[in-house]
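Have a look at the structure below before the remarks.
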Amino acid sequence: MQRTIITAGILLVFLLKSLQLHAVTPSSLADPEFSFLVRNNSAYSLGSDRQSRWAAETSLTFHIVRIYMLKFSYKYSDRVELGIGPAFQNWKNEEESFLGQANAYTLLLSYRYYFWRQFNVEVELWPAWNHFVSFIDNDTYKGLELWVEYKIGYRLDLGQRFYLNIQPGIGHPVWMQNKWPGVEEYDSFFELIRNETIFVPQLMVGFRF
């Protein structure tokens, strides 16, 4: 799973480079494409009354590791967006820690804060009911879980309706009701976080409605 995430991270880097703007020159200011990006990604577009407060988002990268999600967000203020939605985690590990396959029905909760222009930070909670099949003892471990992700991102508006949010981050488990083999060996919560925190490349696509 971690190898797949690293591969997705490399793809994300190439995407970031493809989205970089050229240096601002007098000639570029007259470029219609440049003017379009400036209008839709300026500090003023964040609080534009023309934009709907509601949006739906999904990940363009999570499906690589078989995590599927749909989040509905509400712009509570010019700087704060609140999100909620369903997710299904079907990730599979055969060579690394957490050996097994998840079947986790998840409720996604998020808080996103825009601290400067379109730059944002976000915390996501992933409470889930998981049927985890362990590849160590072939047993199924059913129970509630809580995972968390911390992300920093930049939102690129594509007109008034669509947008991309480029959000690299990290994630880790917080609590498990029924610990499967490989998890119970940790003596403390902090040891669990230290050993099981992973990098999460994230590219979200959103639609305002």
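Yes or no: residue 138 modelled with pLDDT under 95 and farther than 17 Å from residue 88 by Cβ? Taking the combined requirement at face value, the residue satisfies it. Hey, among the residues in region 131-149 that are assigned to a strand (DSSP E or B), farther than 18 Å from residue 57 by Cβ and not hydrophobic (A, V, I, L, M, F, W, C), which one's nearest to the chain's Cα centre (by Cα)? If we take residues in region 131-149 being assigned to a strand (DSSP E or B), farther than 18 Å from residue 57 by Cβ and not hydrophobic (A, V, I, L, M, F, W, C), then 145 is nearest to the chain's Cα centre (by Cα).
Check region 91-108 and report whether any residue there is within 19 Å of residue 166 (Cα to Cα), surrounded by 15 or more Cβ atoms within 10 Å (Cβ to Cβ) and either touching a residue at least 40 places away in the same chain (Cβ under 8 Å) or not aromatic (Phe, Trp, Tyr) (or both).
Filtering region 91-108 down to residues within 19 Å of residue 166 (Cα to Cα) leaves 108.
Those still in the list that are surrounded by 15 or more Cβ atoms within 10 Å (Cβ to Cβ) too: 108.
Okay, now just the ones that are also either touching a residue at least 40 places away in the same chain (Cβ under 8 Å) or not aromatic (Phe, Trp, Tyr) (or both), so 108.
Within region 91-108, one or more residues are within 19 Å of residue 166 (Cα to Cα), surrounded by 15 or more Cβ atoms within 10 Å (Cβ to Cβ) and either touching a residue at least 40 places away in the same chain (Cβ under 8 Å) or not aromatic (Phe, Trp, Tyr) (or both).
Within region 151-164, not a single residue is of a type outside the set (A, V, I, L, M), in contact with a helix residue (DSSP H, G or I) (Cβ under 6 Å, 6 or more places away or on another chain) and either farther than 22 Å from residue 72 by Cβ or without any contact (Cβ under 8 Å) to a residue 24 or more places away in the chain (or both).
The residues on offer are 147, 180, and the sole one that is within 18 Å of residue 69 (Cβ to Cβ), surrounded by 15 or more Cβ atoms within 10 Å (Cβ to Cβ) and hydrophobic (A, V, I, L, M, F, W, C) is 147. Filtering region 150-209 to residues that are of a type in the set (Val, Ile, Thr) and either in contact with a Leu (Cβ under 7 Å, 6 or more places away or on another chain) or in a loop (DSSP other than H, G, I, E, B) (or both) leaves 166, 174, 183, 197, 205. The numbered conditions (1) in contact with a Leu (Cβ under 6 Å, 6 or more places away or on another chain); (2) within 17 Å of residue 169 (Cβ to Cβ) are all true for residue 108 except (1).
Screening 192, 146, 99 for residues that are modelled with pLDDT under 90 and in contact with a Phe, Trp or Tyr (Cβ under 6 Å, 6 or more places away or on another chain) leaves exactly one candidate, 192.
The values are calculated or read from the model by the stated rules, or taken from the named source; none is laboratory data. Because the structure is a prediction, the values reported are computed rather than measured. Ideal geometry is used to build each Cβ from the backbone, glycine not excepted, and the neighbour counts take in all protein chains shown.
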